[in-house]
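Worksheet: one structure, shown below.
The values are calculated or read from the model by the stated rules, or taken from the named source; none is laboratory data. Computed from a prediction, not measured in an experiment: that's the story for all the values here. Neighbour counts run over all protein chains shown; Cβ positions are idealised from the backbone, glycine included.
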Amino acid sequence: MDSLLVVNAGSSSLKFQIFAITDAGLERRVKGQIGGIGTRPRLQAKAADGVVLVDRSYEPEVVGDLPSAISAARDWLLTLEGFTLRAIGHRVVHGGPDYAAPVLIDAVVLDRLASYQDLAPLHQPNNLAPIRQAMAINPDVPQVACFDTAFHHGHPEAVNCYAMPRSFYDEGVRRYGFHGLSYEYVAERLRDVAPDAARGRVIVAHLGSGASMCALHNGHSAETTMGFTALDGLPMGTRPGQLDPGVVLHLILQRGMSAQAVSDLLYHEAGLKGLSGVSNDMRDLLASDDPHAMLAIDHFIYRCGLNAGMLAAALGGIDAFVFTAGVGENSAPIRARITEGLAWLGAELDPAANDAGATLISTPASKVALYVVPTDEELMIARHTLALLRTRRA
Ligand code: ADP
């Protein structure tokens, strides 16, 4: 069976999926990951019907870093029978100023992607590691890079720039925006779920452990809450979201923190985790009666409303609001509270539909249609990979 491998490599986990290429399109066959790299490495994978294919733990010395995790995953993938690998699609966080669409990777492209490492030092090197490894071992298998930034490419310069001297923009200090594969998937899905809304002005709230919002106009990104890095915008599991840069200066100049310590704080210790002192996981916060957990939720809800207002202004009003990702797809109470903050825009929640996890969760009278649309970034990567594979063959 001709198939595609989709790879999403992070610092502590390596996620992968196999899609079969059938006459009917792409069918997900295997979904797996190695999590806990360097701490409690564990390879888990399931078939599409939920059957567990592997659940294996490793000593941290054996799978201590991403390259060894890639090797372990590869060893296991090679034991699978019936799949003929036609291409590998990778999630690559940064497409820099150049890439507005997925790209077939060769040595020149890889060099250029590596040059964006300074723009995303925590993610880009991890994203590129499996590409390099596959290139060395299977040079004949085409590889495709799919970017989190690409969907936001093409914003006007007034949207894209910071009010900084021109030279910084020229060297790449711009508002790139992220979660683009998720927004692109949701925008496509919306065409089936709500064709009228899909042509209109829509805010999509991707609320997972990372969180952002995107303003869509006729399915295209018009504005987003993240900027130069994935630190900006909404508060997240461990990231603060929008922060006065003066705070960073204060930490370094007055508190004497090193730049590395500030980076660790902003990426790993802030956000819901830092503010609550309880957890980065919204489920834990909702279950907790600690007042700081409640404060973290209140802050999250408040900032979601504030950012929605900003994006509504960018669009000149909104026709629909869409929830997606872990929190957005699964938490009816959080959706209910966020939509309270959209009442001024005419949004009216249907509580029964919301509690039931329906796709449309607003009342017929609501001026803003409210939807829940589960995202699927891996399927988006597989679609792009297949499309590029076909143009290459044509
Ligand atoms: P990632 O950014 O890691 O892909 P996800 O989109 O999978 O994240 O979202 C993960 C987050 O979703 C978890 O940290 C958790 O806070 C949240 N989440 C998942 N299910 C629920 C739920 N039922 N209620 C509240 N939050 C949830």
Restricting to the range 284-302, what's the tally of residues that are part of a helix (DSSP H, G or I), without any contact (Cβ under 8 Å) to a residue 24 or more places away in the chain and over 22 Å from the mean Cα position of the chain (by Cα)?
7
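For the range 320-377, what are the residues that are in a helix (DSSP H, G or I) and within 11 Å of the ligand (Cβ to nearest atom)? Spell out how you get there, then give the answer.
At the first step, the residues of the range 320-377 found to be in a helix (DSSP H, G or I) are 325-330, 332-340, 343-345, 351-355, 377.
Those that are in a helix (DSSP H, G or I) and within 11 Å of the ligand (Cβ to nearest atom): 325, 326, 327, 328, 329, 330, 332, 333, 334, 335, 377.
Can you give me the number of residues within the range 199-215 that are more than 16 Å from the ligand (Cβ to nearest atom) and closer than 13 Å to residue 373 by Cα?
Residues meeting the conditions: 2.
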Taking residue 123 as meeting all but one of (1) at pLDDT below 95; (2) surrounded by fewer than 20 Cβ atoms within 10 Å (Cβ to Cβ); (3) under 20 Å from residue 11 (Cα atoms), write down the number of the exception.
(2)
Considering 192, 196, which residue is more than 14 Å from the ligand (Cβ to nearest atom), at pLDDT 95 or above and not β-branched (Val, Ile, Thr)?
192
How many of the residues making up the range 114-143 are within 21 Å of the chain's Cα centre (by Cα) and within 22 Å of residue 71 (Cα to Cα)?
12
From the residues in the range 164-174 that are surrounded by fewer than 19 Cβ atoms within 10 Å (Cβ to Cβ) and of a type outside the set (A, V, I, L, M, F, W, C), which one is farthest from residue 131 (Cα to Cα)?
165
Restricting to the range 190-240, what's the tally of residues that are over 20 Å from residue 329 (Cβ atoms), in a loop (DSSP other than H, G, I, E, B) and of a type in the set (Gly, Ala, Ser)?
3
Residue 3 - would you say it is in contact with a Phe, Trp or Tyr (Cβ under 7 Å, 6 or more places away or on another chain), of a type in the set (Ser, Thr, Tyr) and surrounded by 14 or more Cβ atoms within 10 Å (Cβ to Cβ)?
yes
Lone qualifier among 70, 37 - being in contact with a helix residue (DSSP H, G or I) (Cβ under 6 Å, 6 or more places away or on another chain), in a loop (DSSP other than H, G, I, E, B) and either within 19 Å of residue 8 (Cβ to Cβ) or touching a residue at least 24 places away in the same chain (Cβ under 8 Å) (or both):
37
Restricting to the range 38-84, what's the tally of residues that are under 20 Å from residue 377 (Cβ atoms) and in contact with a Ser or Thr (Cβ under 9 Å, 6 or more places away or on another chain)?
2
Return yes or no: is residue 305 at pLDDT 95 or above and not in a helix (DSSP H, G or I)?
no
Given the conditions (1) in contact with a Lys or Arg (Cβ under 7 Å, 6 or more places away or on another chain); (2) away from the ligand (no atom under 16 Å from the Cβ); (3) part of a loop (DSSP other than H, G, I, E, B), which single one is not true for residue 256?
(1)
With surrounded by fewer than 23 Cβ atoms within 10 Å (Cβ to Cβ), within 26 Å of residue 266 (Cβ to Cβ) and under 23 Å from the mean Cα position of the chain (by Cα) as the only criterion, which of 214, 161 stands out?
161
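Let's see how each residue does on (1) under 13 Å from residue 96 (Cβ atoms); (2) assigned to a helix (DSSP H, G or I); (3) not hydrophobic (A, V, I, L, M, F, W, C):
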{"residue": "109", "(1), (2), (3)": "yes, yes, no"}
{"residue": "114", "(1), (2), (3)": "yes, yes, no"}
{"residue": "117", "(1), (2), (3)": "yes, yes, yes"}
{"residue": "122", "(1), (2), (3)": "no, no, no"}
{"residue": "125", "(1), (2), (3)": "no, yes, yes"}
{"residue": "128", "(1), (2), (3)": "yes, yes, no"}
{"residue": "139", "(1), (2), (3)": "no, no, yes"}
{"residue": "145", "(1), (2), (3)": "yes, no, no"}
Can residue 301 be described as of a type in the set (A, V, I, L, M, F, W, C) and either farther than 16 Å from residue 233 by Cβ or surrounded by fewer than 15 Cβ atoms within 10 Å (Cβ to Cβ) (or both)?
no
Criterion (within 16 Å of the ligand (Cβ to nearest atom) and of a type outside the set (S, T, N, Q)) met by exactly one of 271, 309
271
Which one of 193, 202, 186 is among the β-branched types (Val, Ile, Thr), buried (at least 23 other Cβ atoms within 10 Å of the Cβ) and farther than 30 Å from residue 274 by Cβ?
202
Subset of the range 282-298, residues within 12 Å of the ligand (Cβ to nearest atom), under 25 Å from residue 203 (Cβ atoms) and surrounded by fewer than 16 Cβ atoms within 10 Å (Cβ to Cβ), comes to 283, 286
